[in-house]
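Just so you know, all these numbers are worked out from the coordinates, no wet-lab data involved. Computed from a predicted model, the values in this text were never measured in an experiment. Here Cβ is always computed from backbone atoms with ideal geometry, including for glycine, and neighbour counts include all displayed protein chains.
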Ligand code: BES
Ligand code: MN
Ligand code: MN
C-alpha cells in the first residue's frame, strides 16, 4: 500500500498534466462541429492506456463515436474488473459565463477548472492512473478491462449494440464506474442507485404563420399560452405529477429505509445559500434528499417560440416547443412513461392547436447492491484512504447504460464517484478538486486489492 501511494505522490504532477492535456480537447459529443475533437480524445485515451500498460488497446468504431477498449489479463482464474467511463463532454455554452476558457484548464484554489474536469474526464482518468500505479509496481492483483465511450452525454446510442456484440470480450465480474458524486470530502459515500430518464420534445402548432397579435389576438389560440398551461397542469398543488398511471410502478421506501436516508448529513441553509435561492421547492411530504433520489420528477429543460429578440414585436406565434425530461425511479420503465406522457399530453390538448410529442432518449433506473463483495471491498478501500466508513447514497443523476450492463452482460455496477454536487458539472466553471482526483486514484488502487482478497474467500 505504502509503495503505491509513494508512486502516486512521485508522479502526481505528470498525472495532472496528462489530464489537462485531455481536457484541452473539446470532445463535445452533442455538437457536430466538434466531431474531430471527439475522435482525437479517443486516440488520446488509447495512447495513455497503452503507456499505462494495457494490452489489446483498440479504438473500436461504431456508427457514432468510438469506444476505447483495453485490457490486462494476468490470470483467467482471477476476478475481472470492467471499468466504464466516458471521454465526451457536455457543450460548454454559454461561454461568457466561464471565468476562464472551458477548454483551457487551469488550477485555482486546489481545483482544476475545465469542461469535463469532473464529468467525466477527471474521474475516468483516475482509473487509468490507478491501473498504471498497480501495473508499474507489479501489484495488479486481478484482471482489468477498460471500456471508455464517447457518447454518454448524448444517451449512449451505440454502446448498447457494442456490448451486445462483444459479450465475450466484456466478460467479467463487476463494472466499476466513477461518474457520480459523493457527499463531501470529509463524508465519503458510495452511490447505490441512479435515476432513469425519459426525454422528449413537444410541439404545439396554432395558425399557419405568425400573426399580428392585435388583429387576431383574442380569437386565435396562442401556442405559447397553450403550451404553458398544458405544462403547468402536469403538476398539482403538491407538486405531484398528474399524468395518469405515472406513479403506478414507483417503489415506495419503507419507514426504516427513509429513516436511514435521513441520517445522511444535509444542511438546508447551506444548500439554499449555495444556489442563491430563498426557498426549496418540491413534492409535498418528501425531504430534499428524497426528492433528488428516490422520487421521480418532470422538468422543462427549454421552451421557445415567438419573438425573443431585442425590444418588442407584437406577434401571435404560430408555434411553441419545449424539451421535457422525467427522472424515473425503480420500477418505472422509460418506454411506458414516454407512452403515458404522450397519451396524456395529446388528450389535454385543446382542439384549437395541433400537438406532437417526439421521444428523444431514455434509460432505466438502477439500484446497486450493498451486500456484495464489490461493495464491501469498496467500503474497505474508502475506510483505508478516507479514514471513514462511506455512506451508501442513491443519486438523482442518470447513466442509462448501467441498466443495460446488467441486462446484457449480467454484471452489476459499483459506482465509486468522487465528484461533489458543487462541482458544477454541465454548468459554467465546472471543476474537480485535486484532493478528489488523487484520493480517488488511491481509493481505486486500494479497491483492486480488497476486491481480489474478498473474492478468494
Ligand atoms: N455523470 C453524469 C450522471 C451523474 C451525475 C450521475 C452526477 C450522478 C451524479 C452523466 O454524464 C450525465 O450527465 N447523465 C445525463 C444523462 C444522459 C443520458 C445525458 C443526466 O443525468 O442528465
Ligand atoms: Mn458523466
Ligand atoms: Mn454528464
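Helix 121-136 versus the longest principal axis of the chain: what is the Cα-based angle in degrees, 0 to 90, to the nearest 10?
Its long axis makes an angle of about 10 degrees.
If N is the number of residues in region 288-447, what value comes out of its Cα radius of gyration divided by 2.2 N^0.38 Å?
Here the Cα radius of gyration is 1.41 times the empirical estimate.
For region 113-182, just the Cα atoms, rotate onto the principal axes and tell me the three extents in Å, largest first.
39, 37, 20 Å, listed from the longest principal axis down.
Between region 276-308 and region 400-449, what is the separation of their alpha carbon centroids in Å?
Centre-to-centre distance over Cα atoms comes out at 24 Å.
One quarter of the convex hull surface, Cα atoms only: what value does that give for region 278-331 in nm²?
6.5
For region 147-284, count all C-alpha to C-alpha pairs, find those more than 25 Å apart, and express that count as a whole percent of the total.
The answer is 62 percent, as a whole percent.
Distance between the C-alpha centers of region 55-110 and region 330-384? Whole Å please.
24
Once the Cα gyration tensor of region 1-74 is found, what semi-axes does its equivalent ellipsoid get, as square roots of 5 times the eigenvalues, in whole Å, sorted largest first?
27, 17, 7
Return the FRET efficiency for the residue pair residue 343, residue 187: r is the Cβ-Cβ distance, R0 is 35 Å, and the value is rounded to the nearest 0.05.
0.20
Can you give me the P(r) profile for region 182-239? Cα pairs, bins 5 angstrom wide beginning at 0, each as a whole percent.
Final binned percentages: 4, 12, 14, 12, 11, 9, 10, 8, 6, 4, 5, 4, 1.
Taking the 0 to 90 degree range and rounding to the nearest ten, how far is the long axis of helix 334-347 tilted relative to the main principal axis of the chain, both from C-alpha atoms?
10
Beyond 15 Å, what share of the Cα-Cα pairs of region 152-225 is found? Please give it as a whole percent.
The share of Cα pairs beyond 15 Å in region 152-225 comes to 77 percent.
Would you mind classifying region 377-457 by shape? Square roots of the alpha carbon gyration tensor eigenvalues, ordered a ≥ b ≥ c; an a/c under 1.5 is rounded, otherwise it is prolate if a/b is larger than b/c and oblate if not.
oblate
Can you tell me how much longer the chain between residue 167 and residue 388 gets when fully stretched, taken as 0.36 nm per residue apart minus their C-alpha distance, in nm with one decimal?
Here the answer is 75.9 nm.
Using 0.36 nm times the number of residues separating residue 215 and residue 272, minus their current alpha carbon distance, what extension gain do you get?
Gain on extension, residue 215 to residue 272, equals 15.9 nm.
Which percentage, to the nearest 5, of the DSSP beta bridges contained in the chain is antiparallel?
70
Quick one, can you get me the convex hull of the C-alpha atoms of region 249-371 expressed as volume per residue in Å³?
Output value, Cα hull per residue: 183 Å³.
With no solvent and one point per C-alpha, what does the Debye sum give as log10 I(q)/I(0) for the chain at q = 0.09, 0.11, 0.13 Å⁻¹?
Taking Cα atoms of the chain as identical point scatterers yields -0.63, -0.92, -1.24.
Under a point spin-label approximation (7 Å from Cα along Cα-to-Cβ), what is the residue 77-residue 263 distance to one decimal in nm?
In this crude label model, residue 77 to residue 263 measures out at 4.1 nm.
Be a star and scan region 91-123 for residues whose amide nitrogen sits under 19 Å from the point 7 Å along the Cα-to-Cβ vector of residue 12.
Within reach of a label on residue 12, which here means backbone N under 19 Å from a point 7 Å along Cα→Cβ, region 91-123 contributes 106-113, 118, 122-123.
For region 101-154, treating each Cα as an identical point scatterer without solvent, what Debye log10 I(q)/I(0) comes out at q = 0.16, 0.17, 0.20, 0.22 1/Å?
-0.65, -0.71, -0.84, -0.91
Going by C-beta contacts inside 10 Å, put 125, 286, 451 in order with the fewest on the left.
Lowest count first: 286, 451, 125.
For region 1-118, give me the percentage of DSSP beta bridges that are antiparallel, rounded to the nearest 5 percent.
Around 90 percent of the beta bridges assigned by DSSP in region 1-118 are antiparallel ones.
Quick check on the chain: helices-only [θ] at 222 nm, where DSSP H runs of length 4 and up contribute -39,500 (n - 2.57) each and the sum goes over total residues. Nearest 500, please.
Computed mean residue ellipticity for the chain: -9500 deg cm²/dmol.
Translational D (Stokes-Einstein, µm²/s) of region 25-144 at 37 °C and 0.692 mPa s when Rh comes from the Kirkwood sum over C-alpha pairs?
On the way: Rh = 15.7 Å.
Here the translational diffusion coefficient equals 209 µm²/s.
Would you mind checking the tilt of helix 373-386 against the longest principal axis of the Cα atoms of the chain, expressed as 0 to 90 degrees and rounded to 10?
It works out to around 80 degrees.
Considering only C-alpha atoms, what is the centroid distance from region 123-151 to region 171-207, in Å?
Centre-to-centre (Cα) distance: 22 Å.
From the P(r) of region 411-457, can you give the percent of Cα pairs sitting at distances over 17 Å?
Of all Cα-Cα pairs in region 411-457, 51 percent lie more than 17 Å apart.
Stretch residue 237-residue 422 to full length: gain in nm at 0.36 nm per residue minus the Cα-Cα span?
Gain in length upon complete extension: 63.6 nm.
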